[in-house]
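For reference, the structure discussed in these notes is given below.
Coordinate-derived values only; no laboratory data. What you are looking at is a predicted structure, and each value in this text was computed from that prediction instead of being measured. Every residue, glycine as well, gets a Cβ built from its backbone with ideal geometry; the counts of neighbours run over all protein chains shown.
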Amino acid sequence: MRSTAMALMLAVPAAVVAEPTSDTVVATVNDTEITLGHMIVVRENLPEQYQSLPDDVLFKGILDQVIQQTLLAQSLDGPEPRKVTLALENQKRLLLADAAINAALQEGVEADAMQERYQEKYVENFEGAAEFNASHILVETLEEAEAVHAELLAGADFAELAKEKSTGPSGPSGGALGWFGAGEMVPAFEDAVAALGVGEISEPVQTQFGWHIVKLNDLRTQAAPTFEEVQAELVAELQEKIIDAKIAALTEAAEIDKTAADDIDPASLKDASLVSSEVSGD
């Protein structure tokens, strides 16, 4: 008997749980439905740190939030505020425009177009900026700097003198600063380096850090980046061109009349009372 009952239980099919969709209702508030789709859209617009919360925590938090917002929305007496109506229209316009952009970019950027743009921008017309390899000796006073300069002119080894005299953090490594480009050093120091030939040393140069004697060890031109290094940049650039072309074509085909705007005082844009005091239908 017991085995027969067990067999009957196993023969009954388990309840089938339908796969959720965006229309799946997760809660109702006074007959207003809250769907899984509503919650998904809320999650997509959360800051990244909240999106990484555990699923159960996030689900409960979003559901509670939407329920509370629904209760508050239902409690509002009278017609819908004009500001809300306008905000919804703006948001809908923005979302539809974003969808149109995504549709325009659906096919992606062609690989040949990226290679062509890479050749044009980074190979054929690329002009690399100058990069410097320099060393310096940093001291506190002009008198010390002049004394160091005199020793160097007399044949002292720059690196050894830097180890002995320099107060800067590069002193123990012989004053070596490695490679750097424009804008990476303070202006007075950079100007002094740019005026030197390879192997030359500067006169004393003052900056906010003290007095420097600078030696230009080497000079090179910045190499063009590889395709892989700028691929993301090229994609963004070509996508922007696709979007610009789409907008230009739509603009040319449309009838746009902006003459009514000529009669509006631009300062009225700052008058928030125009929308905060109105209700839809006024």
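Here the gap between residue 30 and residue 153, fully extended at 0.36 nm per residue and compared with their Cα-Cα distance, gives a gain of 35.2 nm. Close amide H pairs (under 5 Å, H built 1.01 Å from N) link residue 217 with 133, 134, 135, 199, residues at least 5 positions away or on another chain.
The loop-placed GluC sites (Glu not before Pro) in region 75-125, going by DSSP, that have at most 13 neighbouring Cβ atoms within 10 Å of their Cβ come out as 107, 110.
With a Förster radius of 51 Å, plug the Cβ-Cβ distance of residue 269 and residue 224 into 1/(1 + (r/R0)^6) and report the FRET value to the nearest 0.05.
On the way: r = 46 Å, r/R0 = 0.90.
In this case the efficiency is close to 0.65.
Rounded to the nearest 500, the helix-only mean residue ellipticity at 222 nm of the chain stands at -15000 deg cm²/dmol, with each DSSP H run of n ≥ 4 adding -39,500 (n - 2.57).
Rounded to the nearest 0.05, the FRET efficiency derived from the C-beta distance between residue 40 and residue 129 at R0 = 41 Å is 0.30. Which of rounded, prolate, oblate describes region 21-104, given a ≥ b ≥ c as roots of the alpha-carbon gyration tensor eigenvalues and a/c under 1.5 marking rounded, otherwise prolate only if a/b is larger than b/c? Because a/c hits 1.5 or more and a/b fails to exceed b/c, region 21-104 counts as oblate.
Annotation for residue 50 and residue 245: the two label points, set 7 Å from Cα along the Cα-Cβ direction, are 3.9 nm apart. This model, with +1 at the C-beta of Lys and Arg and -1 at the C-beta of Asp and Glu, gives the chain a dipole about its Cα centre of some 1240 debye.
Calculate the dipole size of region 130-221 relative to its Cα centre from +1 charges on Lys and Arg beta carbons and -1 charges on Asp and Glu beta carbons; express the result in debye to the nearest 20.
On the way: 4 positive and 15 negative charges, 48 e Å.
That gives a dipole near 240 debye.
Determine the distance separating the Cα centre of region 142-195 from the Cα centre of region 204-219; give it in Å without decimals. Between the Cα centres of region 142-195 and region 204-219 lies a distance of 5 Å.
Rounded to the nearest 0.05, what FRET efficiency do residue 141 and residue 198 have when you use their Cβ-Cβ distance and R0 = 35 Å? Walk me through the numbers before you get to the answer.
On the way: r = 29 Å, r/R0 = 0.82.
Efficiency for this residue pair is about 0.75.
Ranking 103, 130, 75 by Cα position along the charge dipole of the chain, where only Lys, Arg, Asp and Glu carry charges on their C-beta atoms, puts 75 farthest toward the positive end. Sparse packing (at most 16 other Cβ atoms within 10 Å of the Cβ) combined with a DSSP loop state is found for the following chymotrypsin sites (Phe, Trp or Tyr not before Pro) in region 206-239: 209. For each pair in 241/270; 121/215; 92/241; 121/258, compute the distance between the two Cα atoms and list the pairs where it is over 26 Å. Among 241/270; 121/215; 92/241; 121/258, the Cα-Cα distance tops 26 Å for 241/270; 121/215; 121/258. Its alpha carbons considered, region 130-221 gives a radius of gyration followed by a Dmax of 11.8, 35 Å. Modelled spin labels at residue 261 and residue 207, positioned 7 Å past Cα toward Cβ, are 4.8 nm from each other.
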